[in-house]
Amino acid sequence: MRSKNFVEYAILLLFKDKNDHLFSFLIFSFIVFILSSTLFISDSLQEDLLNSIKSQPEIVVENTRAGRAYAMHDGFIYDISKITGVSNVEGIVDGYHYFAQKRLWFHIIGDATLAKDEMIIGQGVKNAMAELYYNEEFHFFTEERMIRLKINKIAPKSTTIISNDAVYLHPNTARAVLGMEMDEYSKLYVSVPNPNEVGNVSLKIVEIYPSAKATTKEDAISAVRHLYYYKGGIFMILYVIALVSFFILLKNQISLVYGEKKKEIAILRSLGFCIKDIIALKFIQNTVVSVSAYLLGVAMAYIYVFMFNAPYLRNIFLGSELENSISFTPVIDINLLFLIFLFGVVPFLAFVILPAWKIAISDMSEAVKS
Amino acid sequence: MRFLTGLGIAFFSLYLILAVHALSVSDKNKAKEIEAISSHVKDTKLSVSFKSNEYQRFVYAK
């Protein structure tokens, strides 16, 4: 155990060379801040999306023709409902409407709980419409006619993660807007009560309709988990590259500084400091710098993401074309923060202590003379 | 030592404020509202401006 005076002396030296330490402190804080912010946003989005697909049916069927989404008719519902294990098949209307004035796509979703002249819109859609003075009602321009609908309700702000670009309409109204026939569906929800039969049923559906795509609930959950998979693959490589470049920069800077400080270390050695003491001195100084930088980086990331809703950075995740007033739910993955600590602070200390040790074991008489 | 104590207290207070913020943000209401929408619109998707690059190309086609 080092004495109190030794620790105080280490801190005094830290202040003496504050300009040298400030550079590594700021850069390290910034790297931790960027890393933590990205992971906080992706974890928060993931959590809310996983919440939203809890009531998803066991299988969602979509049809394609020539590689594009294509409507299905009642024949699909009949055939699929005859498969053993299927308890119910429900046809859904869903598609995209091009809002030419603002060059945006609105996601039209059929909702059977709404009346024919009712419309619920997301916050982003509301703002886009309001810019062109569609405050009370909106005009959908289709190939055949203009459909005039009253804006009845705005989806709650807290649901913008799934409703920002959405326009909820009665299925028949949605068909009229999307130019679909009355017996056409964009998707089918297939209910399979026995979870063991889901895989088999989805295979049978694809067997009957080879152009159809059957997505199980499990597939949807893994898609959400991989939507912003910033913990693996290409992003992990980018993190590693960023950290390695930082450490190379740090090592160069430290070597340069320690080259100048050779005399100081030599004087300490001649005063009776052993190699262990020199390393302990540098360890205390750099632990204070790296741990403070880490704690500050994480705290700043929390404030930036969960208090200020990550301005600018959220546009990378959600796009900037349609204004998104999303509020991120605080989700903190302690394991991940520990991993950043392990891969950040430990190499930081290693890169700083190694040059100090190298100098401490060299010939001191030469260093004092120089 | 005084510096280390001061630093420790500063970080402790900062993290205490963050912990209070994390606990005070009620995500129960948010979860309820998201579940309420997803109970009748079951196949929910992340609401981003453009579903795919194809849509974006169309919008900015000259």
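Counting other beta carbons within 10 Å of each residue's own, what order do A:ILE278, A:ILE248, A:ILE303, A:ILE109 fall into, fewest first?
A:ILE248, A:ILE303, A:ILE278, A:ILE109
Could you put A:PHE328, A:PHE273 in order, starting from the residue whose Cβ has the fewest other Cβ atoms within 10 Å?
Final ranking by Cβ density, sparse to dense: A:PHE273, A:PHE328.
DSSP loop (so not H, G, I, E, B), at most 16 other Cβ within 10 Å: list which chymotrypsin sites (Phe, Trp or Tyr not before Pro) in the range A:102-159 pass both filters.
The qualifying sites are A:TYR133.
Give, in whole angstrom and from largest to smallest, the semi-axes √(5λ) of the equivalent ellipsoid of the protein assembly as shown, with λ running over the eigenvalues of the Cα gyration tensor.
Sorted largest first and rounded, they come to 59, 23, 19 Å.
So how many Å³ per residue does the convex hull of the Cα atoms of the range A:25-88 work out to?
148
With chain A treated as a Gaussian network of Cα nodes joined by springs under 10 Å, which of A:GLY344, A:GLY272, A:GLY179 yields the largest mean-square fluctuation?
Of A:GLY344, A:GLY272, A:GLY179, the most mobile in the Gaussian network model is A:GLY272.
Sequence-distant or interchain residues sharing an amide H contact under 5 Å with A:LEU104, placed H: which?
Here the answer is A:PHE99, since their amide H atoms fall under 5 Å of that of A:LEU104.
Express the relative contact order of the range A:59-221 as a whole percentage, based on alpha carbon pairs under 8 Å and six or more residues apart in sequence.
Relative contact order here is 38 percent.
Using a Förster distance of 51 angstrom, determine the FRET efficiency expected from the C-beta separation of A:ASP79 and A:ILE34, and round it to 0.05.
Efficiency at R0 = 51 Å is approximately 0.50.
Nearest 500 deg cm²/dmol is fine: what mean residue ellipticity at 222 nm does the protein assembly as shown get from its DSSP H runs of n ≥ 4 alone, each adding -39,500 (n - 2.57), divided by its residue count?
-18500 deg cm²/dmol
Looking only at other chains, what is the average number of their beta-carbon atoms within 10 angstrom of each beta-carbon in A:345-351?
0
For peptide B:14-22, how many partner chain Cβ atoms fall within 10 Å of a residue's Cβ, on average?
Counting other chains' Cβ atoms within 10 Å and averaging over B:14-22 gives 4.
Which entries in the list A:LYS126/A:LYS187; A:LYS102/A:LYS187; A:LYS157/B:LYS45 go over 23 Å, if you measure between the two C-alpha atoms of each?
Violating the 23 Å limit, Cα to Cα: A:LYS126/A:LYS187; A:LYS102/A:LYS187.
On full extension of the chain, what length is gained from A:LEU50 through A:LEU227, given 0.36 nm per residue of separation minus the C-alpha to C-alpha distance?
62.6 nm
Kindly put A:GLU184, A:GLU137 in sequence by how many other C-beta atoms sit within 10 Å of each C-beta, fewest to most.
Going from sparsest to densest Cβ surroundings: A:GLU137, A:GLU184.
Measure off 7 Å from each Cα along the Cα-to-Cβ vector at B:PHE3 and A:LEU26, then give the distance between these two points in nanometres to one decimal.
1.9
In nm, to one decimal, how far is the B:ASN29 label point from the A:ASP219 one, both placed 7 Å along Cα→Cβ?
About 3.8 nm separates the two model spin labels.
How far is it, in nm, from the label point at A:PHE341 to the one at A:ASN135 when both lie 7 Å from their Cα along the line to the Cβ?
Computed distance between label sites A:PHE341 and A:ASN135 equals 5.3 nm.
Over all directions, average the projected area of the Cα convex hull of the range A:1-125 and note it in nm².
18.9
Non-local amide H neighbours of A:THR64 (under 5 Å, H modeled in plane, Pro and chain starts lacking H): which ones?
A:TYR70, A:ALA212, A:LYS213
So how do A:66-76, A:163-173 stack up, highest first, on mean other-Cβ count within 10 Å?
So the peptides A:66-76, A:163-173, ranked by packing, come out A:163-173, A:66-76.
In peptide A:44-53, what is the residue-averaged number of other protein chain Cβ atoms found within 10 Å of each Cβ?
Per-residue shielding by partner chains comes out at 4.
Just to be sure I understand: of the beta bridges DSSP finds with both ends in chain A, what percent are antiparallel, rounded to 5?
Here the antiparallel bridges make up roughly 85 percent for chain A.
No value in this document is a laboratory result; all are computed from the given coordinates. Fair warning: this is a prediction, and the values are worked out from it, not measured in the lab. Glycine also receives a Cβ, built like all others from the backbone with ideal geometry; neighbour counts cover every protein chain displayed.
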